[in-house]
Amino acid sequence: MNRYLDVIKLLWSAAIAAELEYRANFVLATLTSLGNLAGSLFGLSLFYNGTGYTFEGWRWQEALIVLGVFTVLQGFSSTFLSPNLNKIVTYVQQGTLDFVLLKPINSQFWLSTHTLSPWGVPDILFGSIIIGYAGSLLGLTIGDYLLSAIPLIFGFISLYSLWFMLGATSIWFVKIYNVTEVLRGLLEAGRYPMVAYPIAYRFFFTFVVPVAFLTTVPAETMLGRVQLGWVIGAGVLALFLFAIATVFWRFALRFYTSASS
């Protein structure tokens, strides 16, 4: 374990040093995050301001919690998942996956952690601010926030596993950029509570693409009204998807032909 932690420390230090050579990018990333957040808040406000409509069982402040969780998740994706997992396609295309497989370290671990991008940090900060603001209006405690971290971590693992499996399919199909964009597009549904969608869509976003476990379940846990079964289900789903992703990667490597073969 210490060996892997030392590797992460070295890799991330180098990645941050390289990214900070272009510091203006952080300002642009912050402005982009503010713009996206403003658009999300405007869209959510259309359901609540002046229309008399509300999502069933969700007040404005509670819906803000969901949006905040979604924004944090988006920042996590931009910081850790996108810069790593999207490059799997490039490695396969260019044949540089050979060099990854030759490294004396688990290939899935290296592909998943070898770099990070600080440009997703503004989303994490802004999402946390929204959660803190809405939580203060609702009288939430530190314990509520900490409790919601459990299903939120499960959501992170589930999202990583799905994304990694899509990246692994590049061994067969090579160019799958559009597939990952479809996944990111489907995750946009997490901006709103699941009750905002018709029953058929709720089923799809719960049992097919588990968007509900990424945003709505953590938000309901924070609000203290989630059933224990949903949290357990989120944990089981996360562990199952992670195990499937690991097995799927090993299976995919059987079909990988190196650049020299």
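The values are calculated or read from the model by the stated rules, or taken from the named source; none is laboratory data. Please read these numbers as outputs of a predicted model, since none were measured by experiment. Cβ: placed from backbone, ideal geometry, glycine included. Neighbour counts: every protein chain shown. Note: areas computed on protein heavy atoms with side chains; ligands, DNA, RNA excluded. Shrake-Rupley method; radii C 1.70, N 1.55, O 1.52, S 1.80 Å.
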Which condition from (1) exposed (fewer than 11 other Cβ atoms within 10 Å of the Cβ); (2) part of a helix (DSSP H, G or I) is the one that Glu56 breaks? (2)
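Just name the residue that is surrounded by the fewest Cβ atoms within 10 Å (Cβ to Cβ) out of those in segment 132-166 that are small (Gly, Ala, Ser) and touching a helix residue (DSSP H, G or I) at 6+ places or on another chain (Cβ under 6 Å). Explain how you work it out, then say what you get.
Initial filter on segment 132-166 (small (Gly, Ala, Ser)): 132, 134-136, 139, 143, 148-149, 155, 158, 161.
When the remaining residues are screened for being touching a helix residue (DSSP H, G or I) at 6+ places or on another chain (Cβ under 6 Å), the result is 134, 148, 155, 158, 161.
On the way: Ala134: 23, Ser148: 25, Gly155: 27, Ser158: 24, Ser161: 21.
So, considering only residues that are small (Gly, Ala, Ser) and touching a helix residue (DSSP H, G or I) at 6+ places or on another chain (Cβ under 6 Å), the one surrounded by the fewest Cβ atoms within 10 Å (Cβ to Cβ) is Ser161.
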Hits in segment 127-161 (condition: assigned to a helix (DSSP H, G or I) and of a type in the set (Gly, Ala, Ser)): Gly127, Ser128, Gly132, Ala134, Gly135, Ser136, Gly143, Ser148, Ala149, Gly155, Ser158, Ser161
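When only residues in segment 218-261 that are of a type in the set (Phe, Trp, Tyr) and assigned to a helix (DSSP H, G or I) count, which is surrounded by the most Cβ atoms within 10 Å (Cβ to Cβ)? First the steps, then the outcome.
So the first thing to find is which residues in segment 218-261 are of a type in the set (Phe, Trp, Tyr), and the list is 230, 240, 242, 248-249, 251, 255-256.
Okay, now just the ones that are also assigned to a helix (DSSP H, G or I), so 230, 240, 242, 248-249, 251.
Values: Trp230: 17, Phe240: 12, Phe242: 16, Phe248: 17, Trp249: 20, Phe251: 11.
Across segment 218-261, the extreme among qualifying residues is Trp249.
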Over segment 81-107, the set of residues among the aliphatic types (A, V, I, L, M) and open to solvent by 40 Å² or more (accessible area, probe 1.4 Å) is Leu101, Leu102
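For segment 192-201, what are the residues that are in a helix (DSSP H, G or I) and more than 22 Å from Val72 (Cα to Cα)? Walk me through it before giving the result.
At the first step, the residues of segment 192-201 found to be in a helix (DSSP H, G or I) are 194-196, 199-201.
Those that are in a helix (DSSP H, G or I) and more than 22 Å from Val72 (Cα to Cα): Ile199, Ala200, Tyr201.
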For segment 109-120, indicate whether the set of residues that are part of a helix (DSSP H, G or I), modelled with pLDDT of 90 or more and aromatic (Phe, Trp, Tyr) is non-empty. yes
What are the residue pairs meeting all of these: first residue in segment 34-48, first residue under 17 Å from Gln74 (Cβ atoms), second residue open to solvent by 70 Å² or more (accessible area, probe 1.4 Å) and in a helix (DSSP H, G or I), Cβ atoms under 9 Å, and 6 or more apart or on different chains? Leu44/Trp60
Here's a check for you: in segment 59-69, which residue that is open to solvent by less than 10 Å² (accessible area, probe 1.4 Å) and not small (Gly, Ala, Ser) is farthest from Gly155 (Cα to Cα)? Leu64
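Any chance segment 174-189 includes a residue that's of a type in the set (Gly, Ala, Ser) and in contact (Cβ under 8 Å) with a residue 40 or more places away in the chain?
Filtering segment 174-189 for residues of a type in the set (Gly, Ala, Ser) gives 185, 189.
With the extra rule that they be in contact (Cβ under 8 Å) with a residue 40 or more places away in the chain, the set shrinks to none.
Scanning segment 174-189, I find no residue that is of a type in the set (Gly, Ala, Ser) and in contact (Cβ under 8 Å) with a residue 40 or more places away in the chain, so the answer is no.
Could we say that Phe205 is among the hydrophobic types (A, V, I, L, M, F, W, C), within 23 Å of Ala243 (Cα to Cα), part of a helix (DSSP H, G or I) and open to solvent by less than 40 Å² (accessible area, probe 1.4 Å) here?
Criteria met by Phe205.
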